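Colleague: Have a look at this one.
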Amino acid sequence: MFERFTDEARMAVVEAQIVARQSGSVEIGPVHLLAGLVKADVPLLTAVGVSADDIAEELARTRRRGGVSDADAEALTEFGIDVEQIVERVEQTHGEGALAGRLGPAKRGHLPFTAQSKKTLELSLKEAVRMGDKHLGQEHILLALAQQRGTEEVLARRGADYATLRRVVQERKAG
């Protein structure tokens, strides 16, 4: 499948592996794919007015909080739970980044994709085929991520939901 990837899409996947490795993950998940796209500077995000830095910051906050997204933190606040306060207390006791700790030993070489990441890449290919494209680009990966639990909410909260992204891709293709 990777032979159909554009150079930019391949670079995003390579960046995802780097992000996963740096975070101590033993697998590449959809969040890593999104972070890889952000690091590879996907033009589609700019086209819909989304700041790559803003996404990168949210992903870093989510990692620091042990996987609790901004939306989850807001929901917990409604129940009187201050996630930031909990994170600060844990870090006071166990050190900075304690909840973002390594998920496994640092690995050299290839990191495998999670089942959800494999599904994301399969959806990317389906998006490319559906649009009549011969190659799979960053925009197809982003469209797939806009349909995956965990990454879709990060994008949608910034106005980059699946329908918006797909419309912009189609408009750009049309001319």
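Colleague: Quick one: count up the residues across segment 111-140 that are open to solvent by 40 Å² or more (accessible area, probe 1.4 Å) and on the phi < 0 side of the Ramachandran plot.
Modeller: Of all residues in segment 111-140, those open to solvent by 40 Å² or more (accessible area, probe 1.4 Å) come to 112, 115-116, 118-119, 122, 125-126, 129-130, 132, 134-135, 139.
Next, from what is left, pick out any that are on the phi < 0 side of the Ramachandran plot: 112, 115-116, 118-119, 122, 125-126, 129-130, 134-135, 139.
Matching residues across segment 111-140 total 13.
Colleague: In segment 57-88, which residue that is in a helix (DSSP H, G or I) and out of contact with any helix residue (DSSP H, G or I) (no Cβ under 8 Å at 6 or more places or on another chain) is surrounded by the fewest Cβ atoms within 10 Å (Cβ to Cβ)?
Modeller: First pass over segment 57-88, keeping only residues in a helix (DSSP H, G or I): 57-64, 70-77, 83-88.
This time we only want the ones that are out of contact with any helix residue (DSSP H, G or I) (no Cβ under 8 Å at 6 or more places or on another chain), so: 57, 60, 74-75, 85-86, 88.
On the way: GLU57: 13, ALA60: 13, GLU74: 11, ALA75: 13, GLN85: 9, ILE86: 16, GLU88: 11.
Out of the qualifying residues, it is GLN85.
Colleague: Let me ask something additional. For residues that are out of contact with any helix residue (DSSP H, G or I) (no Cβ under 9 Å at 6 or more places or on another chain) and without any contact (Cβ under 8 Å) to a residue 24 or more places away in the chain, scanning just segment 141-170, find the one that is most open to solvent (accessible area, probe 1.4 Å).
Modeller: ARG167
Residues are listed down the side, and each one gets a yes or a no for (1) modelled with pLDDT of 90 or more; (2) part of a helix (DSSP H, G or I); (3) within 14 Å of the chain's Cα centre (by Cα):
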residue	(1), (2), (3)
ALA16	yes, yes, yes
ARG21	no, yes, no
LEU33	yes, yes, yes
GLU96	no, no, no
LYS107	no, no, no
HIS110	no, no, no
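Colleague: Out of the residues in segment 8-51 meeting the condition of being within 23 Å of TYR162 (Cα to Cα) and of a type in the set (D, E, K, R), tell me which one is surrounded by the most Cβ atoms within 10 Å (Cβ to Cβ).
Modeller: Here is the first cut: in segment 8-51, the residues within 23 Å of TYR162 (Cα to Cα) are 8-13, 15-16, 28-51.
Next, from what is left, pick out any that are of a type in the set (D, E, K, R): 8, 10, 15, 39, 41.
Working: GLU8: 17, ARG10: 15, GLU15: 19, LYS39: 17, ASP41: 14.
Looking at residues that are within 23 Å of TYR162 (Cα to Cα) and of a type in the set (D, E, K, R), I get GLU15.
Colleague: Pairs please, first residue from segment 127-138 and free of Cβ contacts under 8 Å to residues at least 40 places away in the same chain, second anywhere and of a type outside the set (A, V, I, L, M) and surrounded by 13 or more Cβ atoms within 10 Å (Cβ to Cβ), Cβ atoms under 7 Å, 6+ apart in sequence or on different chains.
Modeller: Hits for this filter: GLU127/HIS140.
The values are calculated or read from the model by the stated rules, or taken from the named source; none is laboratory data. In this text the structure is predicted, and so the values were computed from the model without any measurement. Don't worry about glycine lacking a Cβ; one is built from the backbone with ideal geometry, like all the others, and counts go over all protein chains shown. Only protein heavy atoms, including side chains, enter the accessible area calculation; ligands, DNA and RNA are left aside. Shrake-Rupley method; radii C 1.70, N 1.55, O 1.52, S 1.80 Å.
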